[in-house]
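Student: Questions regarding the structure given below will be posed in turn.
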Amino acid sequence: MNPSESADRPRLQVAVLMRRERVPGAMSRWQTWRWVVADVVPHESGFGSEARCLLQTPDEERWLHPGFTVELFRDDADGYLLNVSTPAPCWFVLWRMEEEPTQADEPMARPAMVSLSYHDAGRWLDAQETVDQVPAPPDVIDWLRAFAEAHHVDEPRRRQRPQSFRGLQDRFGNPAVVSTGKKFGGGHGGAS
């Protein structure tokens with residue numbers, strides 16, 4: 001892949017391959033087909049700008065979705081380092097089901113965003129989006145690692161306040177009152 005360097009951010013142009021595959025066995029009673037991200041590949045001018053079917057068999061379809069830009073941001077260097085430090089660095093692809101039918105009159109899976117940041121993937125998953133990951137090639141991993149290491153800034157450690165200085169709270173989060181004196185009756189031995 002050939003990353004381009006702009007004045008602002010380094011970026012890659014990529015395309016996403018989605019695979020629609022028949023679900024085998026007993027699971028097919030509930031769902032006969034499923035969509036998965038098959039790969040992320042370098043964008044080529046011959047891909048055009050619209051999604052197109054590359055393969056169609058009775059058990060599988062492969063769709064090419066061109067025209068995605070993956071940009072690297074300095075303030076997300078930590079998210080990139082998390083990715084490259086794993087045993088299997090990867091692309092993260094957010095995709096959604098759309099009601100536009102495929103050739104088999106079924107809903108179409110469409111990628112929406114591609115990233116190399118663990119933080120992006122985490123935010124997408126927190127928003128309950130569908131996110132798949134596929135391995136990133138070594139040249140992309142090297143490019144990402146160099147960027148992340150050049151822009152990573154260690155967060156200064158903040159001094160933690162000792163636990164003895166923290167205010168006490170009841171189970172509802174309200175300030176708790178602690179008393180050492182006796183407030184109510186019920187004491188022992190009193191004069192009448």
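Student: With 10 angstrom as the radius, rank Ser117, Ser85 by how many other C-beta atoms surround their C-beta, starting from the fewest.
Tutor: Neighbour counts put them in this order, fewest first: Ser85, Ser117.
Student: Something else about it: For region 63-78, just list the computed ³J(HN,Hα) in residue order, Karplus coefficients 6.51, -1.76 and 1.60, θ = phi - 60°, integers in Hz, with x standing in for Gly and Pro.
Tutor: 10, 9, 10, x, x, 9, 10, 9, 9, 9, 10, 4, 6, 10, 4, 5
Student: Going by C-beta contacts inside 10 Å, put Arg62, Arg52, Arg158 in order with the fewest on the left.
Tutor: Least crowded to most crowded, the residues run Arg158, Arg52, Arg62.
Student: Moving on. Considering the zone a paramagnetic label at Arg11 would reach in this model (a point 7 Å from Cα along the Cα-to-Cβ line), which residues of region 70-86 have amide N under 11 Å from it?
Tutor: Flagged as within label range: 70-72.
Student: Where in region 33-66 does the label zone of Val23 land, with the point 7 angstrom along Cα→C-beta and an amide N cut-off under 15 Å?
Tutor: Within reach of a label on Val23, which here means backbone N under 15 Å from a point 7 Å along Cα→Cβ, region 33-66 contributes 33-36.
Student: Quick one: divide the alpha-carbon radius of gyration of region 13-151 by 2.2 N^0.38 Å and tell me what you get.
Tutor: Dividing the Cα Rg of region 13-151 by 2.2 N^0.38 Å gives 1.13.
Student: Then there's this: Normalising by the residue count of region 13-151, find the relative contact order in percent from Cα pairs under 8 Å and 6+ residues apart.
Tutor: 24 percent
Student: Hey, another quick one. Could you please rank His152, His43, His65, placing first whichever residue has the fewest other Cβ atoms within 10 Å of its Cβ?
Tutor: Ordered by Cβ neighbours within 10 Å, fewest first: His152, His43, His65.
Taken together, the values in this text are just the output of simple stated rules run on the coordinates, not laboratory data. Because the structure is predicted, anything quoted here is derived from the model rather than measured. Here the Cβ is made from the backbone with ideal geometry for all residues, glycine too, and neighbour counts use every protein chain on show.
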